[in-house]
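J.: Below you'll find the structure I mean.
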Amino acid sequence: MRTLWVVALSVLLLRGESRLLPAPYSVHAGQGRMAAGTDLRVEVEGLHEPRLDAAVERFRKRGGYGLLRVRIGSAGNAVQSLDEDESYHLEVTSTGATLTAPNPLGAMHGLETFSQLAREPAAPGGMEAVTIEDHPRYRWRGLMLDVSRHFIPVDGIHRTLEGMAAVKLNVFHWHLSDDQGFRVESRRYPRLQESGSDGLFYTRDQIREVVQYARDRGIRVVPEFDVPGHAASWLAGYPELGMGPGPFHVFRTWAGHDAVFDPAKPEVYEFLDRFLGEMATLFPDAYFHIGGDEVSTLSRGQQAEFNRKLRKILAGHAKQMEGWDEILDPALPNDVLIQSWRGAKALAETVRQGRPGILSAGYYLNLMEPSSKMYLVDPGGEPGDGPGVLGGETCLWTEFASAENLDSRIWPRAGAVAERLWSPASVRDIPDMHRRLALLDQELEELGLQHNANYRAMLRRLADSPKPGDSPGLRTLADVLEPGSLGLRRRVTPLADQTTPLDRLVDAVRPESVVAWQFSELVDRYLHSRKSEANREEINRWLRLWAANRVNHPANALLVRLATDALAGRRNRQTLEAAKRPIGDLHLAVGPALVKLILAGK
Ligand code: ACM
């Protein structure tokens, strides 16, 4: 009993100061430390596998210290599958570390964990001895990226995959066609990319290269070609396949009349059979996503009939069909995977019908919701019990994301979803997640992600332009702003479309202000628990900085008024009201905490 207590306590202590994200299944503190100060040595013992050797090479380049022995049981599947074991065991002792895993997938996850441990700021004398047993809660942990509305060049895809590997996400869902662009080269039907893409598409070689790059990091690539709706970019080159007379052209705007394949035309199925056959060889994964969302011109029956035919075509190419939750239909065979985006109800209904499902409702990065909210959305279900819930995917639709701000729209918030999908359901402490997300932010920067570099670059350009004014305070302001949701942006700039440059303040500011949650937690500590002088002084330092900030921007005017009132202990009703409203398409993210402080009158 007493030992159990000690173990439980040491687990808690270690968890408390750990930087690991996602948190492992179990962590037990050991005795002593593995000393820092020597160059990292990694030895692969026993079986060598090209992916593992390449991963070890990358990890050596990251730096670190100590000795790490790696051993795997088998080479893993030729095409990574949903059912592969991703577990690993990592033991750090004072003389060195040992990582064992059934296959390279687990070993690669363990390398990421080891890499995070080596960064532990709490262990200046070296890495604390520890035993980690780890495996994911869900097998399907994805990130969906729309490259149709804004094209993302291959280096942006590489960075995204790098970030995914760091947080153990294992499915890259590549949304490759939509009304706004068709993004893959087809040899069989070249007008798809010629008429559907403005020349911005991936060549077949680039696709193969990305698939390999992902595989090297333990990530599957699931392509999505959205049919029968959202098909304007297909029909631009092949209008005879569409419903109605056309003309069909690629959309520049975010909405338009339905452009839909005509499900009554036999040639549509011949076309899709040949096209999907071509893509099936390019994308080796067992799953193939056919979209199926938002088809308002077809009846449910028409779409269900279309999907049944499509499923047969895909089965002929040895692919399992996946689609958005609109395709859920009792007449569809049970092996079709349903991606729930309109609400958790669709996932529950999927599971009730005995079908496999994944959750995306609640994980949309483009809605600009805080990590804390996404973090608490749980796919539920009983993993490993029947088809049921396989996991989830966080999604980025790119109406307002470009190659330049891509990384900041995804990271670090996607890390919160990654933890939800990997770690035990009981890991739910939001302040602790925030603390580790901030450390992940730095880690990702060191891995080459551009979320911070491009933020600084975009602000520099804005500061040089006459609007919002040449000002050293722009960064201070931008650090406490957040972009409005998709809906707000569409209301504020209804004419914005694919050709609108994404170079305004709203495009630069980070989706989640780290200063805002740090300040908010500081205010809560001050008001509710330890009302210490030190907390108050730290609050006042922020207030003085903001009260004195000089930038010619309406959001700054509000920030200055709120900070000044908070310092003076003054309540101004108009200012408090203004703090509740967006400023154009921006939110003052420290507004709620400032209002709370002012209303508390302390
Ligand atoms: C979707 O967000 N239309 C799947």
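The values are calculated or read from the model by the stated rules, or taken from the named source; none is laboratory data. None of the values given here were measured: they were computed from a predicted structure. As a convention, Cβ positions derive from the backbone with ideal geometry for all residues, glycine included, and neighbour counts pool all protein chains shown. The accessibility values were calculated without ligands, DNA or RNA, using every heavy atom of the protein model including side chains. Shrake-Rupley method; radii C 1.70, N 1.55, O 1.52, S 1.80 Å.
J.: Straight-line reach from Lys345: which lysines have a Cα under 19 Å away, not including same-chain ones fewer than 8 places off?
T.: Within the straight-line limit of under 19 Å, Lys345 reaches these lysines: Lys373.
J.: Could I ask something else about it? Would you check the accessible area of Lys373, probe 1.4 Å, heavy atoms only, in square angstrom rounded to 10?
T.: Accessible area, nearest 10 Å²: 110 Å².
J.: Right, another one. Hey, if we sort Asp155, Asp216 by accessible area with the 1.4 Å probe, largest down, what's the order?
T.: Details: Asp155 90, Asp216 35 Å².
The most accessible residue leads, giving Asp155, Asp216.
J.: I'd like to know how region 513-564 sits against the 2.2 N^0.38 Å rule of thumb: what's its Cα Rg over that expected value?
T.: Values: Rg = 12.0 Å, N = 52, 2.2 N^0.38 = 9.9 Å.
In units of the 2.2 N^0.38 Å rule of thumb, it is 1.22.
J.: Just the accessible area per residue of region 122-273, please: how many Å² with a 1.4 Å probe?
T.: 31 Å²
J.: Accessible area of the chain with a 1.4 Å probe: how many percent of it is carbon plus sulfur? Numbers along the way, then the final one.
T.: Values: 12940 of 23900 Å².
Ligands and nucleic acids excluded, carbon and sulfur reach 54 percent.
J.: Then there's this: Solvent-accessible area per residue for region 320-410 at a 1.4 Å probe radius, Å²?
T.: Details: 2830 Å² over 91 residues.
Normalised by residue count, the accessible surface of region 320-410 is 31 Å².
J.: Going by a ≥ b ≥ c, the root eigenvalues of the Cα gyration tensor, does region 117-266 fall in the rounded group (a/c under 1.5), the prolate group (a/b larger than b/c) or the oblate group? Kindly include the intermediate steps, with their values, before the conclusion.
T.: Values: a/c = 3.06, a/b = 2.72, b/c = 1.13.
Taking the square roots of the gyration eigenvalues as a ≥ b ≥ c, region 117-266 is prolate.
J.: Under 23 Å between alpha carbons, and skipping anything fewer than 8 positions from Lys531 in its own chain: which lysines qualify?
T.: Lys596, Lys602
J.: Can you give me the solvent accessible area of Thr575 with a 1.4 Å probe, rounded to the nearest 10 Å²?
T.: Taking all protein chains as shown, Thr575 has close to 10 Å².
J.: A follow-up question, please. Would you compute, from DSSP H runs of 4+ residues alone, the mean residue ellipticity of the chain at 222 nm, taking -39500 (n - 2.57) per run and dividing by the full residue count, rounded to the nearest 500?
T.: So the calculated ellipticity at 222 nm is -12500 deg cm²/dmol.
J.: Using +1 at the C-beta of Lys and Arg and -1 at the C-beta of Asp and Glu, which of Val515, Pro22, Ser233 has the Cα lying farthest in the positive direction of the dipole of the chain?
T.: Val515
J.: Sticking with this one: Please give the charge dipole size of the chain, origin at the Cα centre, charges +1 on K and R Cβ atoms and -1 on D and E Cβ atoms. Round to the nearest 20 debye.
T.: Working: 73 positive and 78 negative charges, 421 e Å.
So the dipole magnitude of the chain works out to roughly 2020 debye.
J.: Once you charge only the Cβ atoms, +1 for Lys and Arg and -1 for Asp and Glu, what is the size of the charge dipole of region 124-198 about its Cα centre, to the nearest 20 debye?
T.: Working: 10 positive and 11 negative charges, 58 e Å.
Its charge dipole is roughly 280 debye.
J.: I need the shape label for region 123-166. Rule: rounded when a/c is under 1.5, else prolate if a/b > b/c, else oblate, with a, b, c from the alpha carbon gyration tensor. Let's see the in-between values first.
T.: On the way: a/c = 5.57, a/b = 1.96, b/c = 2.83.
Judged from the Cα gyration tensor, region 123-166 comes out oblate (a/c at least 1.5, b/c at or above a/b).
J.: Bin width 20 Å, origin at 0, all Cα-Cα pairs of the chain: what percent of pairs per bin?
T.: 19, 49, 29, 3
J.: For region 392-423 and region 61-123, what is the separation of their C-alpha centers, rounded to whole Å?
T.: 24 Å
J.: Largest first, how would Ser371, Ser299 line up by accessible area (1.4 Å probe)?
T.: Values: Ser371 0, Ser299 60 Å².
Per-residue accessible area, sorted high to low, gives Ser299, Ser371.
J.: Over the chain, what is the relative contact order in percent, taking alpha-carbon pairs closer than 8 angstrom and at least six residues apart?
T.: Numbers: 1177 pairs, mean separation 68.4, N = 602.
Answer for the chain is 11 percent.
J.: Let me ask another. Starting from a Cα-only point model with no solvent, please compute log10 I(q)/I(0) by Debye for region 63-182 at q = 0.12, 0.15 1/Å.
T.: Summing over Cα pairs of region 63-182 leads to -0.56, -0.78.
J.: Keeping every protein chain in place, order His175, His317, His528 by accessible area at 1.4 Å, biggest value first, i.e. largest first. Don't skip to the end; give the middle numbers.
T.: Working: His175 0, His317 55, His528 135 Å².
Sorted by accessible area, descending: His528, His317, His175.
J.: Separate question: Can you give the Rg to Rh ratio of region 453-602, both from alpha-carbon atoms, with Rh computed by the Kirkwood formula? Please report the intermediate quantities before stating the final value.
T.: Values: Rg = 15.9 Å, Rh = 16.0 Å.
Checking Rg against Rh, the ratio lands at 0.99.
J.: Would you be so kind as to identify which of Gly199, Gly244, Leu440 lies farthest towards the positive end of the dipole of the chain, taking Lys and Arg as +1 and Asp and Glu as -1 on Cβ and the Cα centre as origin?
T.: Of the options given, the answer is Leu440.
J.: What figure, in Å² to the nearest 10, do you get for the accessible area of Trp341 with a 1.4 Å probe and non-protein molecules left out?
T.: For Trp341, the solvent-accessible surface is approximately 60 Å².
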